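Below is one structure, written out as structure tokens; the observations come after it.
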Amino acid sequence: MEPEGDLRTSRTPTLEAYADTIVPGEKRWPGDAAIAGAADGGGAVAAGAIELMEWDATGLTEGLDELADLLNRHARTYADGCGLALDTTLPPFVALDFGQRTALVAELTAPGHPEKEFWVLLTLFSNMAYDSAAHMHTADAIAQGHPGLAAMGVVPPGPDRLWRYDQHSYGRRLARVHPDTTPSGSPA
């Protein structure tokens, strides 16, 4: 399926608007149309959702133009059904306000929707970018101020880029290291 008109060039703002609907954040600048500004701090976009979606390891890369086009088609249909006049200088999904975007995403991810798997997949990658910075080394993400890891209170590693904890999560050490364990932590 070929994108209509110049929608291929609107891929990034459309996918940013989708990711921002899933994990909202604050606008990057006053006229930022893709980010609705529905929450304080960085959301999925600031956390790297687009970078994660575009990473070839996800298997999404080749289909992103088509997904953005399809999302914009759904946005046009949604707007027509609601009698909304969209700003024609923006991709249709970007032109929706946050509440309208949320309502449309709820429809697209609802049980029984024939394309549900596509939209749930984009939703998962939006969450994954925020929750785990899956496209980055964790130490690098923390050093760069990753908003999701910061919000969860993930502490930085030591100078050797390894994590060590003085307190155990259960309040006590669960087991001693076996005497035959190698220096790398592997069983002998």
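The values are calculated or read from the model by the stated rules, or taken from the named source; none is laboratory data. All of these numbers come straight from a predicted model, not from anything done at the bench. Glycine gets a Cβ as well: all are built from the backbone with ideal geometry, and neighbour counts include every protein chain shown. Ligands, DNA and RNA are stripped out before the accessible areas are found, and what is left, the full protein with its side chains, is counted by its heavy atoms. Shrake-Rupley method; radii C 1.70, N 1.55, O 1.52, S 1.80 Å.
Take the Kirkwood radius over Cα pairs of segment 47-172, plug it into Stokes-Einstein at 4 °C and 1.567 mPa s, and you get 76 µm²/s for translational diffusion.
Let me check I've understood the local charge: for residue 157, count other residues with C-beta under 12 angstrom from its C-beta, Lys and Arg +1, Asp and Glu -1. What total comes out?
Every neighbour counted, the sum reads 0.
Each eigenvalue of the Cα gyration tensor of segment 72-116, multiplied by 5 and square-rooted, gives one semi-axis; in descending order these are 19, 10, 9 Å. Averaged per residue, the chain has 58 square angstrom of accessible surface, using a 1.4 angstrom probe with ligands and nucleic acids left out. How large a share of the accessible area of the chain, in percent, is made up of carbon and sulfur atoms when the probe is 1.4 Å and the other protein chains stay in place? It is 54 percent, rounded to a whole number. The Cα atoms of segment 10-54 cover 25, 19, 14 Å along the three principal axes, with the biggest extent listed first.
Residues 113, 146, sorted by accessible area with the largest first, give 113, 146 [1.4 Å probe; ligands and nucleic acids excluded]. I'd like the orientation of helix 11-22 relative to the chain: the angle between its Cα long axis and the longest Cα principal axis, in ° from 0 to 90, rounded to 10. The helix 11-22 is inclined about 70 degrees to the chain. Sites counted here are trypsin sites (Lys or Arg not before Pro) in a DSSP loop (not H, G, I, E or B) having no more than 14 other Cβ atoms within 10 Å; the longest part of the chain that contains none of them is 29-160. Remark: accessible surface ordering of 125, 98, 93 (largest first) is 98, 125, 93, probe radius 1.4 Å. These residues, 128, 53, go from largest to smallest accessible area, 1.4 Å probe, as 128, 53. Shown in residue order for segment 101-114 are the 3J(HN,Hα) couplings computed by the Karplus curve 6.51 cos²θ - 1.76 cosθ + 1.60 at θ = phi - 60°: 4, 4, 5, 5, 4, 4, 5, 5, 9, 6, x, x, 5, x Hz (x for Gly and Pro).
What value, in deg cm²/dmol to 500, does the helix sum -39500 (n - 2.57) over DSSP H runs of n ≥ 4 give at 222 nm once divided by the residues of the chain?
Values: 8 runs with 80 residues, N = 188.
So the helix-based figure for the chain works out to -12500 deg cm²/dmol.
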